[in-house]
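The values are calculated or read from the model by the stated rules, or taken from the named source; none is laboratory data. These figures come from a predicted structure and were not determined experimentally. With ideal geometry, Cβ positions are generated from the backbone for all residues, glycine too; neighbour counts draw on all protein chains shown.
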Amino acid sequence: MFRFARFLFLLVAFALLAPVPARAQLTIEIIGGAGTTIPIAIVPFENESNWPLGISGVVGADLTRSGLFKLVDYAGIVPRPARAEEVRAGDWRARGADAVAVGTLRAQPDGRVEVRFALVDVVKGAELAVVSYVVTPAQFRATAHKIADVIYEKLTGDVGVFSTRIAYIAKQGPRYQLHVAEADGYNPQTVVTSNEPLLSPAWSPDGTRIAYVSLENKKPVVYIQSLATGQRQALANFRGSNSAPAWAADGRKLAVTLTKDGGSQLFLINADGTAVQRLLSSPGIDTEPNFTPDGRSILFTSDRGGTPQIYRLNLGSNAVERLTFDGSYNVSPRATPDGKGFVFVRRDGGRFQVAIQDYATRQVQVLTSGPLDESPSISPNSKLILYAAEQGGRGILAAVSSDGRVKQRLVAPATDVREPAWGPLPR
Amino acid sequence: MRKWIIAAFVATLIVGCKSTETQAPAPIEEPAPGTTAAAGATTGGAATSGISGTTAGGALSPLKDPKNILFKRTIYFDYDSYVVKDEYRVQIDAHAKYLQTNKPVRVTLQGHTDERGSREYNIALGQKRSDAVKKQMQLLGATDIQIETVSFGKEKPKNDGHDEAAWAENRRVEIIYVGE
């Protein structure tokens with residue numbers, strides 16, 4: 001008994017690593033862009049070359065990666081503007097730019113740096129934003145993401161997601177790790193390491209915890225782990241299989257799939273593991289629960305109609321409505337944060353593809369071509385969908401915009417990556 | 001822990017003792033708040049005999065004898081299906097009868113799928129496969145408490161290939177005797 005307890009202690013201790021820098025870095029490439037892009041010039045900020053990280057470079061990379069912007073060359077315009085009032089709109093319009101971002105860095109006596117940036121609309125000749133941050137050099141990357149968010153919002157009207165994080169599973173040989181990285185793939189941190197599979201990472205709405213499924217006990221068990229402390233707790237470890245965690249918007253409850261009462265069925269459970277409550281009864285499979293943003297419904301996958309399809313459970317009335325009718329395999333529903341519909345995976349002629357369906361029109365748009373696309377996760381602004389794909393026999397991540405036009409590929413060297421989960425907007 | 005159990009088996013075979021300590025799982029209970037990963041996992045139990053002991057004549061246990069049908073632990077399935085094919089009836093019968101005769105013995109049925117499709121849906125599909133095998137075993141005399149059904153979905157393939165042959169090898173249920 002004691003030997004086994006010690007074995008378990010070591011296993012738990014091993015898994016409870018506080019986040020450590022991961023070795024395999026994700027590189028993101030754009031492989032398809034939007035039809036029309038916004039031409040913008042990002043002028044290197046005054047004094048930024050005094051520090052190793054060039055803030056303007058990260059801003060430019062963020063905006064380019066979104067697929068919605070095209071960078072306009074800044075070389076040859078002298079003197080180089082650093083403030084809104086120094087931007088000569090005509091010079092920039094002549095180069096085809098619609099907007100120009102400029103800035104300055106000023107070292108403070110306490111070692112921090114004041115980063116000031118301005119965004120100018122050179123078509124209207126208007127100052128769109130002037131923002132100032134006082135940060136340490138270690139925070140430069142995060143500051144660049146914030147600046148990119150401001151530019152994105154001012155020029156597209158949508159909330160930017162450059163300051164968010166993504167979670168994903170990385171497999172190298174027999175070793176599985178749950179990584180959390182910045183949305184551009186930088187600085188991956190290892191949150192969990194295991195010699196058995198990990199899957200289904202799910203961010204708590206406040207971004208402080210991640211639920212996931214681990215097979216380390218030779219059966220699926222759902223854990224919740226704090227990102228700050230590395231501490232974790234088994235959320236659901238009942239007889240049989242425990243999987244598919246999905247957080248409610250208040251962060252206090254989760255929906256999960258449990259087989260403890262016979263068959264894969266949906267349950268609600270408090271985040272501390274108490275108050276297990278069955279949601280539905282069906283003779284077959286009910287799984288992959290996902291809360292709608294208004295908290296009133298749960299989307300889920302069920303084969304109650306004979307083939308796996310997507311249904312919606314209204315939590316108030318307990319009414320269940322079928323949502324997908326095309327084809328014999330529609331699974332993995334993820335409600336879009338804007339409340340308009342859901343992304344999901346469909347199988348068509350043997351190919352697995354990511355698609356998006358609008359609740360009101362029931363229209364389905366197929367966004368990817370497969371053949372083995374899975375696990376879609378949508379960005380908090382509903383604009384980009386991260387998913388897992390296969391390339392050359394290896395697992396990669398990919399992203400596609402909700403209108404299908406922008407395409408990205410995310411690869412890590414010598415690593416299978418899968419099961420992406422897009423984190424929430426920072427609070 | 002695994003090393004310890006293997007050593008125990010080997011010692012048993014050499015010495016020919018009847019009883020060997022195995023681990024009987026405590027009934028899996030609901031986790032209390034604040035429990036860690038240890039909750040619910042198989043815990044050390046009182047010594048029980050039966051699955052690794054040798055017979056009176058000193059011969060190999062039927063579970064360990066390659067010539068015995070109980071040595072066959074895998075049942076394969078068709079695509080998208082959890083129907084137990086007739087060709088496995090005899091094999092499942094034999095395991096069910098063994099469980100019926102040896103009440104303290106516990107098995108875990110692990111369901112698996114091929115690599116195609118949603119990971120979570122495949123957990124559920126694998127579970128349907130292990131449940132289908134359990135149902136057959138119960139009809140033939142094994143009891144509910146003796147059999148836990150779990151699923152690994154597509155996470156632990158036997159064959160890493162990406163073709164029909166590999167997929168067929170991965171759609172399966174594995175019968176695992178607890179303590180082995």
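Only one entry in A:274, A:257 is surrounded by fewer than 24 Cβ atoms within 10 Å (Cβ to Cβ), more than 22 Å from the chain's Cα centre (by Cα), of a type in the set (Ser, Thr, Tyr) and facing chain B (nearest Cβ under 9 Å), namely A:274.
The residues listed here are B:84, B:133, B:107; of these, the one that is touching a Phe, Trp or Tyr at 6+ places or on another chain (Cβ under 9 Å), in contact (Cβ under 8 Å) with a residue 60 or more places away in the chain and more than 12 Å from chain A (Cβ to nearest Cβ) is B:107.
Close Cβ contacts (under 8 Å, 6 or more residues apart or on different chains) running from residues in the range A:66-81 that are in the same structural domain as residue A:400 (by TED's automatic domain parsing) to residues that are at pLDDT 95 or above are absent.
Answer yes if at least one residue in the range A:226-237 is assigned to a strand (DSSP E or B), farther than 20 Å from residue A:291 by Cα and more than 10 Å from every other protein chain (Cβ to nearest Cβ), and no otherwise. Yes, the range A:226-237 has at least one match. When the range A:206-236 is examined, which residues are found to be of a type outside the set (Gly, Ala, Ser) and closer than 21 Å to residue A:387 by Cβ? Residues satisfying the conditions are A:210, A:212, A:213.
Inspect the range A:249-265 for any residue being free of Cβ contacts under 8 Å to residues at least 12 places away in the same chain and closer than 20 Å to residue B:151 by Cα and give the result as yes or no. For the range A:249-265, residues free of Cβ contacts under 8 Å to residues at least 12 places away in the same chain and closer than 20 Å to residue B:151 by Cα: present.
With the requirement that a residue be assigned to a helix (DSSP H, G or I), over 27 Å from residue A:344 (Cβ atoms) and either acidic (Asp, Glu) or modelled with pLDDT under 95 (or both), what does the range B:140-172 give you? Talk me through it step by step, then tell me what you get.
Step one: filter the range B:140-172 for residues assigned to a helix (DSSP H, G or I), giving B:144-146, B:164-170.
Checking the rest, the ones that are also over 27 Å from residue A:344 (Cβ atoms) come to B:144-146, B:165, B:168-169.
Selection gives B:144, B:169.
The requirement of being in a strand (DSSP E or B), among the hydrophobic types (A, V, I, L, M, F, W, C) and within 11 Å of chain B (Cβ to nearest Cβ) is fulfilled nowhere in the range A:354-367; no residue meets it. Counting the residues of the range A:238-251 that are at negative phi and either outside any loop (DSSP other than H, G, I, E, B) or touching a Lys or Arg at 6+ places or on another chain (Cβ under 9 Å) (or both) gives 8. Looking at the range A:95-136, none of the strands (runs of 3 or more DSSP E) lying wholly inside it contains 3 or more residues that are at pLDDT below 95.
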